[in-house]
Amino acid sequence: MKYTKEHEWLRVEGDLVVVGITEHAATQLGDVVFVELPETETMVTEGDEVCVIESVKAASDILAPVDGEIVAVNTKLVDNPGLVNEDPTGAAWFFKMRVDDLSVLDDFMDEDEYQELIG
Amino acid sequence: MADLEEPELLRLGLEPLHEELGGKMVPFAGYRMPVQYPDGVLKEHLHTRAAAGLFDVSHMGQVILRPKGSMEDLKRAFEALMPVDVLGLAEGRQRYGLFTNDAGGIQDDLMFTSRGDHLYVVVNAACKAADIAHMVAGMPGAAVEPVTDRALLALQGPGAEAALEALVPGVAALRFMDHRIFGDIWVSRSGYTGEDGFEVSVPEAEAEGFARRLLAQPGVAPIGLGARDSLRLEAGLCLYGHDIDTTTSPVEANLTWAIQKARRAGGARAGGFPGAARILRELAEGPERLRVGLRPEGRAPMREGVELFAPDGTPVGQVTSGGFGPSVNAPISMGYVARAHASIGTQLMGEVRGKRLPVTVTAMPFQPTTYKR
């Protein structure tokens with residue numbers, strides 16, 4: 001698992017990158033009440049706002065961590081936004097991306113580096 | 001980052017208890033306040049509606065007004081600051097009040113109680129200093145005494161009566177907006193959640209023990225500011241500085257119920273309060289805009305600042321409070337819209353992140369109130 005400074009986790013699944021938010025981020029957000037997902041088959045550029053998460057407190061975004069194509073979204077989150085709090089690093093993945101070269105993930109933080117960031 | 005240095009925050013007497021309970025402390029109205037406990041806003045909200053929630057609202061301003069002359073003169077002087085009937089309020093009863101300014105806007109909203117030989121007033125924390133100065137200046141015949149040695153606790157929800165009765169026998173006999181003094185404990189049957197419940201003023205020295213005994217009662221849980229906000233929003237109650245402020249009149253704010261007949265045109269003491277010209281005119285002719293309830297059709301919350309449009313694209317107003325209503329299980333908002341678009345059922349559009357989404361003008365409260373009348 002790799003991590004971004006924006007508290008997203010990135011997991012390789014075959015030739016795809018799965019993206020979600022970390023437990024730390026979910027706790028900070030509080031109870032999630034609304035999730036807006038991107039369209040599939042959309043090309044995105046690193047830094048694009050691709051998802052919206054609204055908690056009882058505020059709205060925030062998930063940014064595309066890398067360039068690529070959104071190939072799948074987790075529609076379960078639309079019906080059950082609370083899943084983000086219940087299982088942020090498992091069932092509550094947000095989207096899957098196809099990227100040109102999986103080695104772009106090498107630049108992101110590993111578990112130890114991320115723990116240090118939030119510690 | 002020196003430029004982000006926070007001003008010194010005031011501390012609640014119960015702060016050690018909040019920290020022990022796992023309260024997440026944040027700055028609010030100049031105080032360090034618990035915004036939530038480990039259960040989180042959603043569960044705390046639902047718990048309050050299902051059982052009983054204990055809120056520390058000691059940041060609010062408690063003030064005693066004592067007459068230097070007669071009680072009637074004191075009440076008349078207080079009436080001169082508000083479009084509200086003070087003389088007609090019976091002893092042991094509480095009433096909602098509003099300080100208005102000369103332009104007819106709202107300087108603060110408050111609760112006041114007639115206690116025989118004096119009045120007891122509770123004002124918003126952020127307005128407390130200005131309110132006290134306003135009363136001192138406007139009521140030369142009154143001794144304005146800020147109460148600084150008392151905590152204020154709110155116990156709200158269907159379990160509140162039994163829990164408080166166990167500690168303060170006799171409170172169950174109070175009805176909505178009754179107030180009674182039990183020894184050194186002052187109890188009002190009121191609150192800010194739409195639920196039956198109480199607001200309890202306790203001497204600072206006894207407050208922690210009192211709060212702990214309440215928390216030991218079945219069903220009582222500590223509730224933070226986050227749930228306090230979603231509870232009051234579902235109840236359709238205004239948050240000062242957001243839904244009402246110095247630019248909104250009581251009529252625009254749909255608070256005309258707070259202006260009793262005696263102060264309206266043709267009443268026994270009509271007018272004679274700051275901003276009377278505008279407020280009486282709006283009562284007669286209707287205001288230009290009105291505070292309304294709003295139900296977004298989708299799941300996306302429409303929060304404060306969201307712009308509202310008629311279906312043809314004309315701007316008609318703005319959301320002043322909004323979020324997710326845990327008990328109604330849907331997004332809810334309130335805001336101001338031009339009067340032509342303010343009737344219940346009107347379809348509008350709210351702009352969220354550049355997209356205009358449908359929203360319907362709705363009656364408030366969003367959640368039925370359970371006051372014990």
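Rule-based calculations on the coordinates, nothing more; no lab input. The shown structure was predicted, so the numbers you read here are calculated from the model rather than taken from an experiment. All Cβ positions, glycine included, derive from the backbone under ideal geometry; neighbour counts span all protein chains shown.
Here are the numbers:
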quantity	calculated
Label-point gap, in nm, between B:Asp117 and A:Asp67 - each point 7 angstrom along Cα→Cβ	8.3
Rounded to the nearest 20 debye, dipole of segment B:288-364 from Cβ charges on Lys, Arg, Asp, Glu	140
Neighbour-count order for B:Tyr336, B:Tyr31, B:Tyr96, fewest beta carbons within 10 angstrom listed first	B:Tyr96, B:Tyr31, B:Tyr336
Residues of segment B:233-256 with amide N under 19 Å of a point placed 7 Å along Cα→Cβ from B:Gln318	B:238-254
Principal axis box of segment B:1-155, alpha-carbon based, largest edge first, Å	50, 44, 31
Residues B:Ala265 and B:Ala173, FRET efficiency given R0 of 30 Å [Cβ-Cβ distance, rounded to 0.05]	0.20
³J(HN,Hα) computed for each position of segment B:54-70 - Karplus, 6.51 cos²θ - 1.76 cosθ + 1.60, integer Hz, glycine/proline x	9, 10, 8, 10, 5, 5, 5, x, 9, 9, 9, 10, 10, x, 7, x, 8
Out-of-range pairs (alpha-carbon distance over 24 Å; input A:Lys5/A:Lys57; A:Lys5/B:Lys355; B:Lys75/B:Lys128; A:Lys76/B:Lys43; A:Lys57/B:Lys355)	A:Lys5/B:Lys355
Highest to lowest packing among B:154-162, A:55-63, B:82-90, scored as the average C-beta count within 10 Å	B:154-162, B:82-90, A:55-63
Whole-angstrom gap from segment B:170-196 to segment B:121-162, using each part's C-alpha centre	15
Cβ charges +1 (Lys, Arg) and -1 (Asp, Glu), total dipole of the protein assembly as shown, debye	3500
More than 19 Å apart - percent of Cα-Cα pairs taken over segment B:288-364	20
Part-to-part distance (alpha-carbon centres) for segment B:342-373 and segment A:13-55, which is given in Å	28
Under 20 Å from the Cα of A:Lys2 - lysines, other chains or at least 8 residues apart	A:Lys96
Dipole moment magnitude, nearest 20 debye, segment A:23-115 about Cα centre, only Lys, Arg, Asp, Glu C-beta charged	480
Simple spin-label estimate for B:Ser70 and B:Val328 in nanometres, 7 Å along Cα-Cβ	4.7
Counting all C-alpha pairs of segment B:89-180, share separated by more than 15 Å (%)	69
Geometric extent, Cα atoms of the protein assembly as shown - Rg, Dmax (angstrom)	25.3, 85
Contour excess over end-to-end distance, with Cα ends at B:Glu307 and B:Ala363 and 0.36 nm allotted per residue	18.2 nm
Loop sites in segment B:56-123: GluC sites (Glu not before Pro), DSSP, at most 16 other Cβ within 10 Å	B:Glu91
Point-to-point label distance, B:Arg353-A:Glu13, nm (Cα→Cβ direction, 7 Å offset)	2.1
Cα radius of gyration and Dmax for chain B (Å)	20.7, 61
Calculated FRET value between B:Ala166 and A:Ala59, using beta carbons and R₀ = 35 Å, to 0.05	0.25
